[in-house]
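Following: one structure in structure tokens, then a few remarks.
The values are calculated or read from the model by the stated rules, or taken from the named source; none is laboratory data. Owing to the predicted nature of the structure, the values given are computational and were not obtained by experimental measurement. Counting neighbours? That spans all protein chains shown, and the Cβs are built from the backbone with ideal geometry, glycine included.
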Amino acid sequence: MGVQDELYLLADELRAIANAGLRWAENGYDRERCERILGVSARVVAALEHSPFETVLSQYRDNLGHLTPLMCVEAVVLRESKMLLIRRSDDGKWALPGGMMEVGESPAEGAARELWEEAGLRGQAERLLALYDSRHWPSSGSRMQLCIAQFLMDAPGQPALHTEGQSERSSMAEALDVGFFGEHELPELHRSHAWRVPKAFRLARGEENGLYFDP
């Protein structure tokens, strides 16, 4: 893990402590302390991103209910030993379809939705391959700790971008392209996907015993 990732995680831990304190504080002294901790966390992130402190602090205050790691999902689709990947619009690199869960859906439903929104492919989860903790996977690129549930999907049909029925958010172009790639012909992969995609090949083939989770 790089220094920047470590600082993001430290800032996120401070933010979570402050938010919990602001939720349960019983007197003004405790609230003041928690406000100071929240401000320290925001200053760290502002320094890392060269952003105005007030902007980061405002974002924090808009999400004071966030006390736990964020839950994310990923979809693994295999065809003739090749894996479906999307090309991201933010850096042009390739990744598994995935993103944050939405309220009211199960992790498996979230993986199916992300597969549809990002790759235009309808699918259903067959089995859970892995549960990842972003702290253990280099270059997560996130301000916050993430838990990532990775599913092997049954998804017949052909992938396509900007399919009718996609949400406005997804059609704004998280994906520039979509395609299937063999294990030994992978394109340049996005951040921690450079580690998780090769591992997904092994997990899907059953080469590692049972469900993978970070120790």
Would you point out the residue of region 109-154, among those that are polar (S, T, N, Q) and part of a loop (DSSP other than H, G, I, E, B), that is surrounded by the most Cβ atoms within 10 Å (Cβ to Cβ)? S140
Which residues, counting only those in region 92-108, are in a strand (DSSP E or B) and either out of contact with any Asp or Glu (no Cβ under 6 Å at 6 or more places or on another chain) or hydrophobic (A, V, I, L, M, F, W, C) (or both)? W94, A95, M100
Exactly one condition in (1) under 20 Å from A200 (Cβ atoms); (2) in contact with a Ser or Thr (Cβ under 9 Å, 6 or more places away or on another chain); (3) of a type in the set (V, I, T) is not met by V76; state its number. (2)
Checking S51, S58, S106 in turn, the sole residue that is exposed (fewer than 15 other Cβ atoms within 10 Å of the Cβ), under 30 Å from A125 (Cα atoms) and of a type in the set (S, T, N, Q) turns out to be S106
Any chance region 30-40 includes a residue that's in a helix (DSSP H, G or I) and in the same structural domain as E208 (by TED's automatic domain parsing)? no
Here is a check on your reading of the model: is W94 buried (at least 19 other Cβ atoms within 10 Å of the Cβ) and touching a His at 6+ places or on another chain (Cβ under 9 Å)? yes
Filtered residue count, region 1-36, keeping only those that are farther than 30 Å from R191 by Cα and touching a residue at least 24 places away in the same chain (Cβ under 8 Å): 3
For region 119-129, give me the residue count where each residue is in contact (Cβ under 8 Å) with a residue 60 or more places away in the chain and either of a type in the set (K, R) or closer than 11 Å to A75 by Cβ (or both). 1
Does L57 satisfy being in contact with a Gly (Cβ under 8 Å, 6 or more places away or on another chain), closer than 15 Å to R143 by Cα and not assigned by TED's automatic domain parsing to the domain that holds S142? yes
What number goes with the only condition from (1) farther than 30 Å from R205 by Cα; (2) in a helix (DSSP H, G or I); (3) within 23 Å of the chain's Cα centre (by Cα) that N63 does not pass? (2)
Consider only pairs whose beta carbons are under 7 Å apart and that are at least six residues apart or on different chains; among these, list those whose first residue lies in region 190-212 and is in contact (Cβ under 8 Å) with a residue 60 or more places away in the chain and whose second residue is basic (K, R). H190/R88; H190/K93
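Before we move on, is L161 in the same structural domain as E74 (by TED's automatic domain parsing), at pLDDT 95 or above and not acidic (D, E)?
Considered against the rule, which asks whether it is in the same structural domain as E74 (by TED's automatic domain parsing), at pLDDT 95 or above and not acidic (D, E), L161 comes out as no.
Taking the options L70, L78, name whichever one is under 30 Å from H184 (Cβ atoms) and in contact (Cβ under 8 Å) with a residue 60 or more places away in the chain.
Of L70, L78, the one residue that is under 30 Å from H184 (Cβ atoms) and in contact (Cβ under 8 Å) with a residue 60 or more places away in the chain is L78.
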Within region 187-213, restricting attention to residues that are farther than 18 Å from E118 by Cβ and aliphatic (A, V, I, L, M), which residue is surrounded by the fewest Cβ atoms within 10 Å (Cβ to Cβ)? L211
The one condition in (1) over 14 Å from G99 (Cα atoms); (2) at pLDDT 75 or above that Q150 fails to fulfil: (1)
